[in-house]
Structure formats: structure tokens, C-alpha cells
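A short worksheet on the structure shown next.
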Amino acid sequence: MSEPALSVTNLVKTFEVGFLGAVPGVRRLTRGWNLKGISQRVEAVRGIDLRVEPGQVYGFLGPNGAGKTTTIKMLMGLVHPTSGGGTLLGHPLGARAARARLGFLPETPYFYEYLKPLEFLDFYGSLFRMTARERRQRAEALVDRVGLRHAVNRPIRKFSKGMVQRIGVAQALINDPDLVVLDEPMSGLDPMGRKDVRDIIYELRQAGKTVFFSSHILQDVELICDRVAIMTSGKVRAEGPLSELLDSPTRNVEVITGPVDDAAKARLGALALAVQVAGADRLSFMLADDAAVAGFLEALRVEGGRLVSVTPHRRSLEEIFVETAREAAA
Ligand SMILES: Nc1ncnc2c1ncn2[C@@H]1O[C@H](COP(=O)(O)OP(=O)(O)OP(=O)(O)O)[C@@H](O)[C@H]1O
Ligand SMILES: [Mg+2]
């Protein structure tokens with residue numbers, strides 16, 4: 001198997017927060033004391049494994065507080081793991097050697113607000129030792145790409161939230177990176193803006209780049225990702241190709257029938273998860289999975305009912321997300 005673009009094994013981050021707990025020297029001195037109530041441990045990431053192959057668009061999903069940003073900060077070497085580790089483009093997490101081929105959009109980017117877009121991108125380009133000519137060409141192209149041409153004469157401090165997000169995405173691409181890590185790239189964007197970012201990610205994939213991004217906007221993930229991980233409370237609860245997650249064997253099957261009398265409806269209904277009236281003279285029986293279909297159709301024949309249609313229902317990512325979060329909370 002080829003070298004992964006990104007991989008982590010048993011990655012853990014526990015924060016010590018509160019009075020005393022956060023200060024390493026004090027923590028050493030007070031080891032063994034009962035500091036309950038004045039210091040607290042937050043297990044933000046509780047042992048996760050991830051592997052992203054080159055060329056994949058990988059969605060990192062999870063509700064607020066799941067540990068996505070903490071994981072991404074560990075990937076980028078901004079937060080030191082409590083234990084575990086991994087590689088980015090073949091280098092250990094945090095190694096400078098990976099930086100040149102890496103693009104990163106932080107969750108709450110801090111930008112030099114007095115700069116205008118082209119100056120800003122030029123500055124970032126200079127951090128990658130690009131020539132003045134390369135920087136100019138790349139900055140011009142990116143300003144167009146993220147839809148900020150109209151704002152080239154405005155300093156970033158006058159940008160709307162969505163415009164800041166756009167310039168952030170442009171900044172992450174200035175060095176033509178092979179791996180792009182984006183923390184909530186669609187947040188703060190209107191539907192047009194979200195589509196623009198999706199298109200950019202799609203183009204990156206076409207160009208053979210690897211994209212790893214976090215989101216809780218499920219439709220965006222569903223539209224563009226090859227593979228997803230769903231994280232809740234510091235753990236990855238589900239992981240795999242999007243097609244497999246969506247097409248899992250537990251998908252429901254809806255059977256529409258012609259009219260049957262109430263007694264037959266009750267008997268058939270006992271074989272289904274739910275029964276609904278589906279328009280005039282029609283009933284909809286929601287069956288748990290493919291395996292339930294044959295038995296149901298036999299029962300329908302016995303009852304003398306008429307079959308109208310059988311439709312497998314792909315689970316939406318949203319259903320999986322909610323189920324996963326609920327299972328994790330149970
Ligand atoms: N520096 C820190 N000190 C203490 N606790 C922290 C720190 N950073 C994050 N946490 C805690 O770790 C947990 C995970 O936070 P994180 O920001 O990684 O979540 P997230 O999945 O990115 O959420 P969101 O979708 O809201 O961005 C939260 O409970 C958070 O309060
Ligand atoms: Mg976050």
C-alpha cells in the first residue's frame with residue numbers, strides 16, 4: 001500500500017484546565033494533592049486512528065466539542081499530543097519538512113487585517129519562499145478563484161465573515177500544497193460561498209491533491225467526500241467510504257401497496273417499522289432492511305393485497321450522524 005498522506009495512531013489529548021492544573025511547575029509540586037474542584041481534566045481526544053490516502057477528499061465530522069479542532073491542531077503540530085502520534089506527508093506530526101507541501105486553514109484564523117487581499121497572499125507566499133513573480137501570479141489567480149476580485153482594494157478588517165473565510169481558503173492554497181487541511185472551511189459562508197468552497201475542493205481532488213476537512217454541515221460532506229470519519233466525545237465512532245456508510249445493510253426499504261382492509265393492515269403493519277397512508281388507496285410500509293422484504297411480500301400475497309413499488313431508502317449522512325451521536329451518548 002502506498003504511503004498515506006496523513007495517518008495517526010492512538011492519538012490522545014487531555015487538557016488540564018482550571019486553577020493550578022494548567023501550570024506545569026505547580027502541577028509537579030502539587031502531585032498527589034486532592035485538587036478536585038480547582039483543577040479539571042478535559043479528555044478532548046481519546047485515542048483515535050485515522051488514515052487518509054493520497055488523492056482522497058476526507059470529511060471529518062462531528063458535533064460541537066467532539067474534538068475535531070484539537071485533532072487538527074495535533075496534525076499541524078500546534079498542540080502536542082498527550083500520547084500517540086502519526087505522520088503527515090511521510091514526516092512525523094509537527095515536522096517542518098512537511099510544511100512546504102501543506103496548506104492549512106485554522107478554525108479561527110488570525111489575519112493581518114490592515115493588508116489587502118493581494119498583499120496578504122503575497123506575504124503568505126513569501127513565507128514559502130516563492131519568487132515575487134510566482135507569488136503575484138498565484139495571488140491573482142486565487143483572488144479570482146475565491147470570488148474576492150471585487151474586494152482587492154479593501155483591507156481585510158473591512159471584510160464580512162464570509163469574505164474572511166474566503167481569503168483564508170486562498171491563503172491555504174498559496175503554496176500549491178499537496179495536502180490541504182481545512183478546519184470548518186464552509187462555516188460563515190452563505191449557500192453560494194459554500195458551493196464555491198465545494199467547487200474548490202472538487203478541483204483540488206481533480207488535480208490529485210489530498211483534502212482533509214472538518215465540518216458539521218452534512219450536505220457539504222455528503223456532496224464531496226470520498227471517505228468520512230464521524231467523531232463524538234473524543235472518539236471516532238464510524239469511519240469508511242461514504243458510499244458504504246450510506247449504503248449500509250441496515251437501510252430501510254419502503255413498500256407501497258394497494259388498499260387492504262384494517263385487519264390485514266394491522267397484520268402487515270406488525271412486519272414493518274411504520275405504516276403510513278400514501279395518497280388515495282395506497283399504503284406505505286417501511287421495512288427494516290432488504291431481508292424483511294421477501295417475508296413481507298409473501299404476507300401481502302396471502303392478504304390478497306396489491307404491490308405497487310419497493311424502494312430501498314439510502315440512509316442520509318444526517319441520519320447516520322444523529323444515530324452515531326445518540327449511540328455514543330447512550
Ligand atoms: N486549550 C484547551 N484547554 C482546555 N480544553 C480545551 C482546549 N481546547 C479544546 N478544549 C476542549 O476540548 C473539547 C474538544 O474541543 P474542540 O475544539 O476540539 O472541538 P470541535 O470538535 O472542534 O468543536 P466545534 O465543532 O465546536 O469546533 C471541548 O470540550 C473543548 O472545550
Ligand atoms: Mg472546531
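The values are calculated or read from the model by the stated rules, or taken from the named source; none is laboratory data. Keep in mind it's a predicted model, so treat the numbers as computed, not measured. Counting neighbours? That spans all protein chains shown, and the Cβs are built from the backbone with ideal geometry, glycine included.
Could you count how many residues in the range 268-290 are over 27 Å from I320 (Cβ atoms) and either surrounded by 14 or more Cβ atoms within 10 Å (Cβ to Cβ) or touching a residue at least 60 places away in the same chain (Cβ under 8 Å) (or both)?
3
Given the options V228, V255, V197, V211, name the one that is among the hydrophobic types (A, V, I, L, M, F, W, C), within 16 Å of ligand 1 (Cβ to nearest atom) and buried (at least 21 other Cβ atoms within 10 Å of the Cβ).
Working: V255 fails: within 16 Å of ligand 1 (Cβ to nearest atom); V197 fails: within 16 Å of ligand 1 (Cβ to nearest atom); V211 fails: within 16 Å of ligand 1 (Cβ to nearest atom).
Among V228, V255, V197, V211, only V228 is among the hydrophobic types (A, V, I, L, M, F, W, C), within 16 Å of ligand 1 (Cβ to nearest atom) and buried (at least 21 other Cβ atoms within 10 Å of the Cβ).
Kindly indicate whether V197 is within 14 Å of the chain's Cα centre (by Cα), closer than 17 Å to E107 by Cβ and either β-branched (V, I, T) or not assigned by TED's automatic domain parsing to the domain that holds L89 (or both). Don't jump to the end; show me each part of the working.
Values: within 14 Å of the chain's Cα centre (by Cα): yes; closer than 17 Å to E107 by Cβ: yes; either β-branched (V, I, T) or not assigned by TED's automatic domain parsing to the domain that holds L89 (or both): yes.
Yes; evaluated as a whole, the condition is true for this residue.
Is it true that P81 is within 16 Å of ligand 1 (Cβ to nearest atom), in contact with a helix residue (DSSP H, G or I) (Cβ under 9 Å, 6 or more places away or on another chain) and at pLDDT 95 or above?
Working: within 16 Å of ligand 1 (Cβ to nearest atom): yes; in contact with a helix residue (DSSP H, G or I) (Cβ under 9 Å, 6 or more places away or on another chain): yes; at pLDDT 95 or above: yes.
In short, yes.
Conditions: (1) in a strand (DSSP E or B); (2) surrounded by 13 or more Cβ atoms within 10 Å (Cβ to Cβ); (3) not assigned by TED's automatic domain parsing to the domain that holds S187. V293 meets all but one. Number of the miss?
(1)
Checking the condition modelled with pLDDT of 90 or more, out of contact with any His (no Cβ under 9 Å at 6 or more places or on another chain) and part of a strand (DSSP E or B), which residue from V255, V260 passes?
V255
Looking at (1) under 24 Å from A207 (Cβ atoms); (2) within 16 Å of ligand 2 (Cβ to nearest atom); (3) surrounded by fewer than 21 Cβ atoms within 10 Å (Cβ to Cβ); (4) of a type in the set (S, T, N, Q), can you tell me which one Q165 breaks?
Q165 satisfies every listed condition except (3).
Counting only residues that are out of contact with any strand residue (DSSP E or B) (no Cβ under 8 Å at 6 or more places or on another chain) and either surrounded by 16 or more Cβ atoms within 10 Å (Cβ to Cβ) or in contact (Cβ under 8 Å) with a residue 60 or more places away in the chain (or both), give me the helices (runs of 4 or more DSSP H) lying completely in the range 32-145 with at least 2 of them. Break it down into steps so the answer makes sense when it comes.
On the way: elements: 68-75, 117-127, 132-145.
Of the helices (runs of 4 or more DSSP H) lying wholly inside the range 32-145, those with at least 2 residues that are out of contact with any strand residue (DSSP E or B) (no Cβ under 8 Å at 6 or more places or on another chain) and either surrounded by 16 or more Cβ atoms within 10 Å (Cβ to Cβ) or in contact (Cβ under 8 Å) with a residue 60 or more places away in the chain (or both) span 117-127, 132-145.
Mind listing whichever residues of the range 1-16 are closer than 19 Å to Q56 by Cβ and aliphatic (A, V, I, L, M)? Outline the logic, then answer.
Step one: of the range 1-16, the residues closer than 19 Å to Q56 by Cβ are 1-9, 11.
Correct list: M1, A5, L6, V8, L11.
Is it fair to say L6 is modelled with pLDDT of 80 or more and of a type outside the set (V, I, T)?
Working: modelled with pLDDT of 80 or more: yes; of a type outside the set (V, I, T): yes.
It is true that L6 is modelled with pLDDT of 80 or more and of a type outside the set (V, I, T).
Considering the range 55-74 alone, what residues qualify as being more than 12 Å from ligand 1 (Cβ to nearest atom) and either over 11 Å from the mean Cα position of the chain (by Cα) or of a type in the set (A, V, I, L, M) (or both)?
Step one: list which residues in the range 55-74 are more than 12 Å from ligand 1 (Cβ to nearest atom), which gives 55-59.
The answer is G55, Q56, V57.
I'm trying to understand the selection: among the residues of the range 211-249, which are of a type in the set (D, E) and either within 15 Å of ligand 2 (Cβ to nearest atom) or not in a loop (DSSP other than H, G, I, E, B) (or both)? Quick ask: steps written out before the conclusion?
Pass one, the range 211-249, residues of a type in the set (D, E): 220, 222, 226, 239, 244, 247.
Once the filter is applied, which keeps residues that are of a type in the set (D, E) and either within 15 Å of ligand 2 (Cβ to nearest atom) or not in a loop (DSSP other than H, G, I, E, B) (or both), the range 211-249 yields D220, E222, E239, E244.
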